[in-house]
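Written out below as structure tokens is the structure these notes cover.
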Amino acid sequence: MAEKQIILVPDFLTVRELATLIDASPIDVMKKLIANGIMASINQQIDFDTAAIVVEDLGFEAQSASAAAAQQEREERAETAQTWRKGYAKEAPGSLQARPPIVTILGHVDHGKTTLLDTIRKAHVAEGEAGGITQHIGAYRVNHNGRQITFLDTPGHEAFTAMRARGAQGADIAVLVVAADDGVMPTTREALNHARAANVPIVVALTKVDKRNANPEKVKQELAEIGLTPMDWDGETFVVPVSAIKGDGIDDLLEALVLTADENTEQIVANPNGEPFGTVLEARVDKFRGVIATLLVLNGTVSPGDVVVAGSSYGRIKAMFDETGKPVKSAGPSTPVAILGLHEMPQAGDSFEIAKNEKVARALVEERQQPDTQAAGRASVSLEDFFKQFSAGESKELLIILKVDVQGSLQPLVDSLSQLSEANKDGIKVRLLSSDVGNINESDVMLASASGAIILGFNVDVDTAAKRSADSRGVEIRLYSIIYKLIEDVELALNGMLEPVYEDKTIGTAEVRQVFRISKIGTIAGCMIREGEARRNAKARVKRGGQIIISNQSVSSLKRMQEDVREVRTGFECGIGLSDFENFEVGDLIEFYVSERVS
């Protein structure tokens, strides 16, 4: 039997667009809709579930386009993460040497991140004429007392976490910008959580110290409260006062970054003579030069003439330029460089590597475009499956993002989760990436996606954008209204004893208007769909006088206008038969329900 052609269907489209998608007449599509109890005009918008009925009735297989895109993103993310691990693993330990640190700037939106970056660039980037490519290539290098530092020119934890979510190496050090007049803001805490989740050291830049209402000592107290105790308070965090507008303190900040890099020399390493790989920072199409992509080299050395494979793009490097637009002949570790020669535009966060020739590069791209269901499966984590992943050596600690309704609930939950970690006999650790008060938002989901964490909520809601993002990224969100139940589920997960929970969800209700007895078929209830929809593949229960008289029934027959249909929607009449029930009475209600996994 030949396989059905797969049609990728958007979440919403018009009847006309559906007809075009499957190369059918709009009239045929409308007929199929009517046969299934759905009245829709040619320009009326229908959802995926409705479109799928028509697609499958016409002999195709329907798949959600958004779900397919999300799966592809998860596959790419898993593959990119593997690239980093394999790349460094190939290098002999003795060949690795210190490379310049890569720094990202995080913090509250009005605390001066962009101004700080601009000040550093103007004061410390080498002078030179722009060569016509661009002076903004997503990153730039500065020299401080003979030491080089690379800054990612994409301030904001959203960009930083988006790169990590795709498996890319975001940065080696994070500069957390905090204004001396405002202090620690909710967004500051959010950025700090993202930096801590990435396991990168943090340097604080205390900006706007020259303002009249600046209160550095008060801000230092706030920093100490979130675990960033300044060194002059006997802590371990560099807190450097700066004035981005005047340029005061910039050298001190750069010195703090160099010292921080020196303390982390085991992590900030590369082999300049090894196999080149790195990440794509940004890409665009120039109408004269074609694709211009900015690469950040993390290992090896890249030169013109090399064949680059970046995501699903490849090509031989025709020319390379630095951040001032000057042509360069090579780019070593921690060097940002703009290149020409790729055949199509890669995505920011894609990994890149060097291939032997264009034939090998083309084969690599084709291989990457093949579906990889195992990689997709590794991209998301569920609480039920965590112990299996730990046993298989895939996870060493359970990463959790905790959101609660009030401050009084936060500390008891944090303490209880820490105790579970200490008491676990298998040595599984529970690590709280973030614990805060408030509803679950999209930033929480991005953090979970980038880190492989699970979001636990106590007496909180999930924002609409966060729900949509969690579905597409494969992030698990679990909501609780009882503290002990949350603790119990985590404890069971650590011991491999947590089972999935399923719940019945009512999807439609039909009212029995007439009862027919048909030979060879049995009793059929002539019904009107009062709300929702009746589905052929759903279970059904019958209610009489408000009481359930039978449940867990399979739908043996669902007809409209003498034709078998898969579903019938609100306001339409249909005939319904149940597998083991015939004693219908006029006025009975038939409820249709499906079993859905809720945790």
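Quick notes on this one:
- Cβ charges +1 (Lys, Arg) and -1 (Asp, Glu), total dipole of the range 215-362, debye: 1360 debye
- Shape category assigned to the range 184-336 from the gyration tensor of Cα positions, a/c cut at 1.5: prolate
- Ordered by the count of other Cβ atoms within 10 Å of each Cβ, fewest first, I483, I27 give I27, I483.
- Ordering K429, K122 by the number of other Cβ atoms within 10 Å of each residue's own Cβ, fewest first, gives K122, K429.
- Prolate/oblate/rounded label for the range 503-597 (Cα gyration tensor, a/c 1.5): rounded
- Length-normalised contact order for the range 198-303 - Cα pairs under 8 Å, 6+ apart - percent: 19 percent
- Based on C-alpha pairs under 8 angstrom that are at least 6 apart in sequence, the range 273-368 has a relative contact order of 36 percent.
- Too-long pairs where the Cα-Cα distance tops 20 Å, listed order kept, from K32/K539; K485/K505; K32/K559: K32/K539; K485/K505
- K211 versus E344: modelled label distance in nm, points set 7 Å from Cα along the beta carbon direction: 4.7 nm
- Each residue in V586, V594, V297 was given a count of other beta-carbon atoms within 10 angstrom of its own, and listing them fewest first yields V586, V594, V297.
- Relative contact order of the range 471-573, pairs being alpha-carbon contacts under 8 Å that are 6 or more residues apart, as %: 20 percent
Any read-out appearing in this document is the output of simple, stated calculations on the displayed coordinates, not a laboratory observation. This one's a predicted model, so the numbers in the text were calculated from it and none came from an experiment. Neighbour counts run over all protein chains shown; Cβ positions are idealised from the backbone, glycine included.
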